[in-house]
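The values are calculated or read from the model by the stated rules, or taken from the named source; none is laboratory data. Every value quoted in this text rests on a predicted model; they were computed, and no experiment measured them. Quick reminder, even Gly has a Cβ in these numbers, built from the backbone with ideal geometry, and neighbours come from all protein chains shown.
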Amino acid sequence: MDRRNTLGFDAYWMPFTANRAFKDAPRLVASASGHEYKTPDGARVLDAFSGLWTTGLGHGRPQIIEAVRRQLETLDYAPAFQIGHPGAFDLATRLTALAPEGMTRAFFTNSGSEAVETALKIALAYQHARGKPQKKRLIGRERGYHGVNFGGVSVGGILANRSVYAGALLPNVSHLPATLDLKRNAFSHGLPKHGAELADALEHHVRVHGADSIAAVIVEPVAGSTGVIPPPQGYLERLRALCTAHDILLIFDEVITGFGRVGAAFAAERFGVTPDLICTAKGLTNGVIPMGAVIAGQHIYDAFMQGPPHAIEFFHGYTYSGHPAAVAAAIATLEIYSEENSFDGARALEPAFAERIHQLRGAPNVIDIRNFGLMGAIELAPRQGAPGARGFEVHVRAFEAGLMVRNGGDVLQFAPFLNGTADELDETFSTIEKVLRDVA
């Protein structure tokens, strides 16, 4: 029987996927438990990417499943406009308690893309609320990924995501240079030594546009989807100081780095750098139900709380903001993080992960290896005239060998579970090494 016809493959237009190649040779998973997927034929696939940076606690956690079931039996939906439900307030309290000091308010969304869009709108509305409406410019970074909505694509810096929409992106957007520097920093263990001075590019934008025109800077503390680019030592501290000096908001996109991925609740904590806004999603519910959030500093919230008490202060929101089932999943997830000391566990696994991934230096076509926290990348030399083809082939062959790993072009990306094991790391990189040699 042709599984493609049985499953109706033609109808589904898959996201961020080479649809024709996939449908010619589908890679399907039918179930998941712990750190593994199973294919429809029952074959085991070790998940070396925690879902899609999402499922750091492992798949199928009964505590989360049961929390969602109970919630749906009690309250399946509640409107978020002018009405609330207790769980949303409980979650906001728990979430802000994990954030850096002074970040006291949470605004709920349904994804990381929506969290970024919300943060950008908060930044612009904040400047307006405090009497500085001329501060409209947003500054992102080359190679940055901030989701797929128009605001996120505008401040993002990945050409393939931007080129088709170039004429319709937001005006008043600039970009800082990317921090990847293979000449000086290739095969760095952890934070690269060189490049903190790249933060000073913000001064260029201040000189060209004027500090009074710049509303906010948005960066990923560790760039993820573009290929795991850790910040140079001192870079984020320097960027924070410059934003403060020029009265510019700093937004951290922690959709990937939040909830233990870098061995702390947020990268802001790990780096000791407090932004004005944090975008988060993915690990908030362990990937069980879509949800995102923006965590805001008290000073941001206070600027909005003006005018008549009955008036809406911020004209923004989503039908499913703080959805009861998503809230239940998030609360259960946060409880597991606390009960299992997941963030400390991730920090403890980090040295073994770093050691094991760097053992592939010298494998065929490997030109760089990067890591920080439980985020890692192996960059491959592209094939002549076919960029991305080598990485895609490794992704496909790894899946066939029982390993799920992500490729972004020719960059292989890894995200072990927060409670992963040394044996899983050995299996992951032994498989990748064999596939690299086979592909070579």
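Within the stretch 266-294, track down each residue that is of a type in the set (A, V, I, L, M), within 17 Å of Thr333 (Cβ to Cβ) and surrounded by fewer than 24 Cβ atoms within 10 Å (Cβ to Cβ).
Residue satisfying the conditions is Ile289 alone.
Only one of Ala346, Ala352 is assigned by TED's automatic domain parsing to the domain that holds Asn419, over 21 Å from the mean Cα position of the chain (by Cα) and of a type in the set (A, V, I, L, M, F, W, C); which?
Numbers: Ala346 fails: over 21 Å from the mean Cα position of the chain (by Cα).
That would be Ala352, the only listed residue that is assigned by TED's automatic domain parsing to the domain that holds Asn419, over 21 Å from the mean Cα position of the chain (by Cα) and of a type in the set (A, V, I, L, M, F, W, C).
Results for (1) part of a helix (DSSP H, G or I); (2) farther than 15 Å from Glu313 by Cβ; (3) of a type in the set (Phe, Trp, Tyr); (4) in contact (Cβ under 8 Å) with a residue 40 or more places away in the chain, shown as yes or no for each residue.
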{"residue": "Thr93", "(1), (2), (3), (4)": "yes, yes, no, no"}
{"residue": "Thr96", "(1), (2), (3), (4)": "yes, yes, no, yes"}
{"residue": "Thr118", "(1), (2), (3), (4)": "yes, no, no, yes"}
{"residue": "Leu124", "(1), (2), (3), (4)": "yes, no, no, yes"}
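All but one of (1) surrounded by fewer than 20 Cβ atoms within 10 Å (Cβ to Cβ); (2) among the charged types (D, E, K, R); (3) outside any helix (DSSP H, G or I) hold for Arg70, so report the exception by its number.
(3)
Among Leu349, Leu418, which is the only one that is farther than 19 Å from Ser225 by Cα and either in contact with a Gly (Cβ under 8 Å, 6 or more places away or on another chain) or not in a strand (DSSP E or B) (or both)?
Matching residue, one of Leu349, Leu418: Leu349.
Could you list, ordered by first residue, the pairs with Cβ atoms under 8 Å in which the first is in the stretch 399-420 and at positive phi and the second is part of a strand (DSSP E or B), at least 6 apart or interchain?
Hits for this filter: Gly402/Arg44; Gly402/Val45; Gly402/Leu46.
Inspect all residues belonging to the stretch 29-48 and state whether any of them is part of a helix (DSSP H, G or I) and at negative phi. If you could, list the steps in order and put the result at the bottom.
Looking only at the stretch 29-48, we keep the residues that are part of a helix (DSSP H, G or I), and these are none.
Checked the stretch 29-48: no residue is part of a helix (DSSP H, G or I) and at negative phi.
Could you please give the count of residues in the stretch 126-141 that are of a type in the set (Gly, Ala, Ser) and in a helix (DSSP H, G or I)?
Residues in the stretch 126-141 being of a type in the set (Gly, Ala, Ser) and in a helix (DSSP H, G or I): 1 in total.
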